[in-house]
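Nothing in this text is a laboratory measurement; each read-out follows from the coordinates by a stated rule. Model, not experiment: these values are computed from the prediction. So basically every Cβ, Gly included, is an ideal-geometry build from the backbone, and we count neighbours across all protein chains shown.
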Amino acid sequence: MKGFKIRIEILWREIHTPKMDWSSGDLPGAWRSFKQHCKFMFGGPLKGKEEDEQCNYLMIWVGEKGRDIYNTGHSRTMSQRNSAHIMTNLKPM
């Protein structure tokens, strides 16, 4: 079992997590790329994660600026949000 755990840790180090590039000169393009990468993560290595876990991953990946954008004008509590809501309301266009 220990060997399996080590292989999983190595695999996770090789997987690049999504990161939104808020400094990009092409925000719409950066957003599309970020969104696609998130879909691959949730359809692949993070498949089967509960909705609140997916939300937590998204809020980590969008970074501080993304969380600021999301929190401006959104008073939803953590239990009321879902990943689709986050992705819709973070759209930088």
task: For an R0 of 22 angstrom, estimate the FRET efficiency from the Cβ-Cβ distance between Arg32 and Asn71 and round to the nearest 0.05.
output: 0.45
- prompt: Which distance in nm do the two modelled labels at Asp52 and Phe40 give, with both placed 7 Å along the Cα-to-Cβ direction?
  reply: 3.0 nm
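Relative to the compact globular guide of 2.2 N^0.38 Å, what is the alpha carbon radius of gyration of segment 24-67, as a ratio?
Relative to the 2.2 N^0.38 Å estimate, segment 24-67 comes out at 1.22.
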